[in-house]
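Taking it in order: structure first as structure tokens, then the write-up.
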Amino acid sequence: MDYRLLGRTGVRVSPLCIGTVNFGGGTSEGDGIRLIHAACDAGINFIDTADTYHDGAAERIVGKALAGRRDRIVLGTKVQGRTGDGPNDVGASRLHVLKACDDCLRRLQTDYIDLLQIHRPNPGIPADETLGALTDLVRAGKVRYIGCSTHPAWMVMEALAVSERMGFARYVSEQPPYNLLDRRIENELIPLAQRYGLAIIPWAPLAQGVLAGRYPFDGALPSDSRAIQFPGLPGQDGIYRDRVTPRGLELARRFVDVARGFGKTPGQFALLWCKDQPGITAPILGPRTLAHLTDLLPVLEMALTDDERAACDALVPPGGVVTNFHNTAPWMKTPIA
């Protein structure tokens, strides 16, 4: 397997990362543990979770699954989201970041987190407050590396500059939404990451099932789909449903035909395209069932051909967008023509 460097670090990770957003929800504890074990047995050594996934249930499941395997896994989690009713139970303040990290360690049953990421930007909190707290966690040995998720390029660049100026720990990764329906990170974020040695760990590489052909092309929403089971995060109702659009479904219909023409399942082709795009370290796949994982594992050994890349570019040109997957981010909520 082609293990890839995690940004400028010396850490090597598998070219696919297991995401756990379904764990504790559509995926039971037992099934989640079996999914992680199957992924590890296939050579995947990179797992991503977050403290807000099902009120911490996902982290607890990951912790149980990694018993006896922890030292062989690069484990990432995310903090910043709301974890309680108090005014300080959310955000990237020093107070919340330090407490949230300790809570993550307890749920994950581990002494350290390999990659602690700020889940979403907090424009009202100075970057030096957040980075100072993260640096203290690194120096205390609780965290190995730090990163961010769904931050605009300008905010990532600001964080890098603050770290350099103040001697703080430096972000090694950014975790943005990225798939064939929304290629906008190619315009600024990918060039920034390539220049400054940041790992890019995309979420939603299958467009949350749309590119895998899991939604009927008439727009009906299956009862077991994420758009029905997880209509949104607190305060963001409807974000999953909003990503299932008529234009996206029409593009997906054409994409499915192209995938089958190349002898791949739609899910495999969507994941392969994302995995082998320039600047990408490891897309995050979030299987709900073992069957979903089994379908996608062959992508570990696949390589995107020039003909396949050209066929995808013909559907959506580089830097283009069909469906907005940044719709939790105010700076990316501009209408799509």
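Structure notes:
- Failed criterion for T52 (all others in (1) farther than 27 Å from A193 by Cβ; (2) in contact (Cβ under 8 Å) with a residue 60 or more places away in the chain; (3) touching a Ser or Thr at 6+ places or on another chain (Cβ under 7 Å); (4) not aliphatic (A, V, I, L, M) hold): (1)
- Enumeration of residues in segment 78-93 that are in contact (Cβ under 8 Å) with a residue 24 or more places away in the chain and either surrounded by fewer than 17 Cβ atoms within 10 Å (Cβ to Cβ) or part of a loop (DSSP other than H, G, I, E, B) (or both): Q80, G81, R82, T83, G91, A92, S93
- The set of residues in segment 254-279 being more than 22 Å from H326 (Cα to Cα) and out of contact with any Cys (no Cβ under 9 Å at 6 or more places or on another chain) consists of R254, V256, D257, A259, R260, G261, F262, G263, K264, T265, P266, Q268.
- Inside segment 70-108, residues that are touching a helix residue (DSSP H, G or I) at 6+ places or on another chain (Cβ under 6 Å) and within 18 Å of C40 (Cα to Cα) make up a count of 2.
- Checked against the criteria, D114 counts as at negative phi, under 20 Å from the mean Cα position of the chain (by Cα) and in a strand (DSSP E or B).
- Filtering segment 124-143 to residues that are under 25 Å from V62 (Cβ atoms) and either modelled with pLDDT under 95 or part of a strand (DSSP E or B) (or both) leaves only V143.
- When segment 50-69 is filtered for residues that are assigned to a loop (DSSP other than H, G, I, E, B) and in contact with a helix residue (DSSP H, G or I) (Cβ under 8 Å, 6 or more places away or on another chain), the ones remaining, listed by number, are A50, D51, L66, R69.
Quick grid of which residues meet (1) crowded, with 16+ Cβ neighbours inside 10 Å; (2) without any contact (Cβ under 8 Å) to a residue 60 or more places away in the chain:
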| residue | (1), (2) |
| --- | --- |
| C17 | yes, no |
| E29 | no, yes |
| A57 | yes, yes |
| G76 | yes, no |
| L105 | yes, yes |
| D111 | no, yes |
| I118 | yes, yes |
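- Qualifying residue in segment 246-257 (condition: under 16 Å from A311 (Cβ atoms), touching a strand residue (DSSP E or B) at 6+ places or on another chain (Cβ under 9 Å), modelled with pLDDT of 90 or more and not β-branched (V, I, T)): no
- Matching residues, segment 239-287, being more than 22 Å from P216 (Cβ to Cβ) and of a type in the set (D, E, K, R): K275, D276
- Any chance E174 is part of a helix (DSSP H, G or I) and over 17 Å from I125 (Cβ atoms): no
- First in segment 239-268 and outside any helix (DSSP H, G or I), second anywhere and surrounded by fewer than 17 Cβ atoms within 10 Å (Cβ to Cβ), Cβ under 7 Å, 6 or more apart: V244/L221
- For the residues P177, P191, P121, the requirement of being out of contact with any His (no Cβ under 9 Å at 6 or more places or on another chain) and either at pLDDT 95 or above or under 22 Å from T52 (Cα atoms) (or both) singles out P191.
- Residue pairs whose Cβ atoms lie under 6 Å apart, sitting 6 or more positions apart in sequence or on different chains, and linking a residue in segment 302-325 that is surrounded by fewer than 18 Cβ atoms within 10 Å (Cβ to Cβ) to a partner that is polar (S, T, N, Q), are G319/N187.
- Residue within segment 275-293 that is charged (D, E, K, R), under 19 Å from W203 (Cβ atoms), out of contact with any strand residue (DSSP E or B) (no Cβ under 7 Å at 6 or more places or on another chain) and not in a helix (DSSP H, G or I) present: yes
- Once segment 182-211 is narrowed to residues that are among the hydrophobic types (A, V, I, L, M, F, W, C) and not in a loop (DSSP other than H, G, I, E, B), the residue that is farthest from P318 (Cα to Cα) is A199.
- Within segment 31-49, being in a helix (DSSP H, G or I), in contact (Cβ under 8 Å) with a residue 12 or more places away in the chain and not small (G, A, S) holds for D31, I33, R34, L35, I36, H37, C40.
The values are calculated or read from the model by the stated rules, or taken from the named source; none is laboratory data. All of these numbers come straight from a predicted model, not from anything done at the bench. Note: ideal-geometry Cβ built from the backbone for every residue, glycine included; neighbour counts use all protein chains shown.
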